[in-house]
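Worksheet: the structure to be examined is printed underneath.
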Amino acid sequence: MNQDLYSYSIQMQRFLEAQDKRIMKLEHELKRLTDEIAELKNKPPIHVDKIEYKFDQLKVESLDGTLNIGLNPTDLNNIDEFAVNNQPVQPAPNLFPGREIVVQEMHNDILSDLENMINDVETQLKISLEPSYHDFIKQDVERQLHQRINMYFDNLSYAERAPQQRDNIKEKIKEKVKSDIQTALLQFITHSQAETGGNPNGV
């Protein structure tokens, strides 16, 4: 009987020792986790302000006296080396018979509207340009117009290349080119005014 009690007491002591070690281990782990939480609470929170992207605002760094339709002049060394995404534009096959005729028609239509476009910019900016300045702008635009029209033709999707899309595509590209010219005129004349103290001719 005494032997059984002694054996039982030994087992109980071992069990209590094991439990004591386990409790100590858990207390140590709890302290470590508590310290980590306190450290995280003491760190300043990360705050990100609202980020706004204004893609419609264009910035012109400098202007050297050349009107480049839809392009920043500082990025252009030679208009004959025009590239899209750093790759030279490769001529695409004709979209439909008579493409060159259509391009020439658009070229003539846009040139016939150019005087009105210049007048619109003058009205918008509340200025009056010398006739010689009108001639300079027209010559610069005409020099680039064929290439700009063809660039838009070359980048049409397969579906847009269908012959039945001819009239829609013609109008769509004409509006894009006119929009490019309008933007270029506004930037060029505004910058020229700033450079020449309000007189675009620099006189």
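Of the candidates Phe136, Phe153, the single residue that is in a helix (DSSP H, G or I) and open to solvent by 60 Å² or more (accessible area, probe 1.4 Å) is Phe136.
Residues being touching a residue at least 60 places away in the same chain (Cβ under 8 Å) and either open to solvent by 20 Å² or more (accessible area, probe 1.4 Å) or of a type in the set (Asp, Glu) (or both): count how many of those fall in the stretch 139-149.
Within the stretch 139-149, residues that are touching a residue at least 60 places away in the same chain (Cβ under 8 Å) and either open to solvent by 20 Å² or more (accessible area, probe 1.4 Å) or of a type in the set (Asp, Glu) (or both) number 4.
The residues of the stretch 157-171 that are among the hydroxyl-bearing types (Ser, Thr, Tyr) and open to solvent by 90 Å² or more (accessible area, probe 1.4 Å) amount to a single one, Tyr158. Among what's in the stretch 96-133 and is under 19 Å from His191 (Cβ atoms) and in a loop (DSSP other than H, G, I, E, B), pick the residue that is least open to solvent (accessible area, probe 1.4 Å). So the residue we want is Leu129.
The values are calculated or read from the model by the stated rules, or taken from the named source; none is laboratory data. Please read these numbers as outputs of a predicted model, since none were measured by experiment. FYI the Cβ positions are ideal-geometry reconstructions off the backbone, even for glycines, and counts take in every protein chain you see. Side chains included, ligands, DNA and RNA excluded: accessible areas come from the protein's heavy atoms. Shrake-Rupley method; radii C 1.70, N 1.55, O 1.52, S 1.80 Å.
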